[in-house]
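Note sheet for the following structure.
Where a number appears in this text, it was derived from the coordinates with a stated rule and is not lab data. In this text, all values refer to a predicted model and were calculated from it rather than measured experimentally. Every residue, glycine among them, receives a Cβ derived from its backbone with ideal geometry; neighbour counts consider all protein chains shown.
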Amino acid sequence: MPDPDKSLLERLAEFLTPQPTSATERRQELIETLRAAQTEGFIDADALSMIEGVFQVGELCARDILVPRAQIDWIDIDSSVTEVIQAVVSAAHSRYPVYEGSKDTVIGILLAKDLLRHASEANFQLRDWLRPVVFIPESKRLSVLLRDFRANRNHLAVVVDEYSNVAGIVTIEDVLEQIVGDIEDEHDIDEDADNVLLLANGDTRLKGITELEQLNAALGTQFDDDEVETVAGLITHHLGRVPKLGERVRIEGIEFEVQRADPRQIHVLLARRLASDIPLSA
């Protein structure tokens with residue numbers, strides 16, 4: 001029965017417009033309806049952002065949010081107790097992957113609280129206090145991973161690639177950040193000095209709040225900070241919106257790739273100078 005509250009034009013438009021049939025189209029229609037509800041004041045911006053984050057979790061995989069192996073603080077099973085304690089105190093994490101021989105051979109997870117409780121005991125053996133390690137493929141959906149984290153009361157998983165090599169780790173905080181936004185934890189870049197991090201492959205890893213002055217000094221660029229002050233602000237201003245995870249944006253010879261973001265803001269990016277913009281040597 002036609003909705004009497006709708007105008008004839010609206011009813012004709014519904015009749016002539018094909019209804020969405022795929023799950024993606026239905027999801028997008030729902031999101032647009034929720035955005036309209038937010039515009040009209042029925043829900044607030046934070047609620048809308050969290051709902052969009054829930055949808056995003058269903059679309060992302062572990063590879064999209066993992067902490068790369070090069071940035072993991074590892075524990076070698078052959079290290080002395082003193083060395084392990086120093087490493088734990090220095091890094092100030094709650095959990096550490098422990099390897100034997102090679103970093104692709106992870107034998108367990110060390111909880112800092114276990115070390116602090118038992119390290120002073122006679123005949124303490126690190127191996128005796130390791131928790132089981134959970135391995136997941138890069139392709140594992142975050143929605144499934146979050147359910148597994150809750151069911152197994154596990155907070156960290158080691159991500160392996162198709163060759164069974166360790167690609168990185170994912171924590172429950174990393175997954176929740178996709179829903180509620182940034183959560184300051186031990187794997188985040190916290191110090192201003194680490195806002196710009198040069199990687200082995202030549203890319204530069206940036207925190208979204210990195211100031212343009214710091215970016216210009218690191219990459220030799222000349223981005224103007226009159227209208228915006230941060231890298232995240234630069235990209236959002238350039239696009240007129242917050243970019244999606246994995247999206248690439250080219251600005252003045254620099255390609256930015258979004259590595260971590262939520263519907264409200266950019267958290268972490270990669271930056272690389274485009275080949276055509278690299279000056280030729282004399």
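The table that follows gives values for the structure above.
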read-out	value
q = 0.18, 0.19, 0.20, 0.22 Å⁻¹: log10 I(q)/I(0) that the Debye formula gives for the stretch 192-276, counting C-alpha atoms only	-0.68, -0.77, -0.86, -1.06
Two-site label geometry, residue 74 and residue 114: point separation in nm, points 7 Å out along Cα→Cβ	1.9 nm
